[in-house]
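The values are calculated or read from the model by the stated rules, or taken from the named source; none is laboratory data. Being a predicted model, the structure only gives us computed values, none of them experimental. Here the Cβ positions follow ideal geometry from the backbone for every residue, glycine too, while neighbour counts run over all protein chains shown.
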Amino acid sequence: MASQRLQQLDQRLAELGLRAEDLVERFVRASGPGGQHVNRTSTAVQLVHLPSGLEARAEGERSQHQNRVAAREQLIARVEAQRAAAAAAKRAAAERERRRRRRPPPGARRVTVADKRRRGALKRQRGPRRARTEYSDPELGPSVPDLTSDAAADEGVVLPLGADRRRRPVAAEDDRAVLERQQALA
């Protein structure tokens, strides 16, 4: 009966494309209950499929033959699970690509266009962006000299260690005015 089951499992492995030459079957000592029989005989079965690296180990039974059947069942289950996972990943990738390529519904396009218009209105309200190299308060005048020019170096302006002569240009508006405008819009 058990050898018939073993033949059925070998046939199932062949149907899955696993050749008998690619399988390495080792008989090793088992652990756990079983007493002297388990300690003296190599009843545990370790089955390895070399091309895929999948491994199954069965040591739950006292009989080596029953462990061979269990190891084959485990290996078949792992191969099927691996293939099912690969197929699911392929389907998920195809679905992601389908969603990425589909045209958005009209409602979503209207929302996107409305957001772009609102954003454009906010930018127009801010006015043109002019770069400047001096930090200043419009009421008090320039507060920091322009250190980006070579004239500053010629005048002997000493910068702290690690300071850079080039600075990022700043928007022409005062930060307080921008903050007030944002609060008014909110």
Can you tell me which residue within segment 95-111, out of those that are surrounded by 10 or more Cβ atoms within 10 Å (Cβ to Cβ) and in a helix (DSSP H, G or I), is nearest to the chain's Cα centre (by Cα)?
96
How many of the residues making up segment 47-82 are under 15 Å from residue 19 (Cα atoms), in contact with a Lys or Arg (Cβ under 9 Å, 6 or more places away or on another chain) and aliphatic (A, V, I, L, M)?
4
Exception for residue 42 within (1) among the polar types (S, T, N, Q); (2) outside any strand (DSSP E or B); (3) modelled with pLDDT of 85 or more falls at (3)
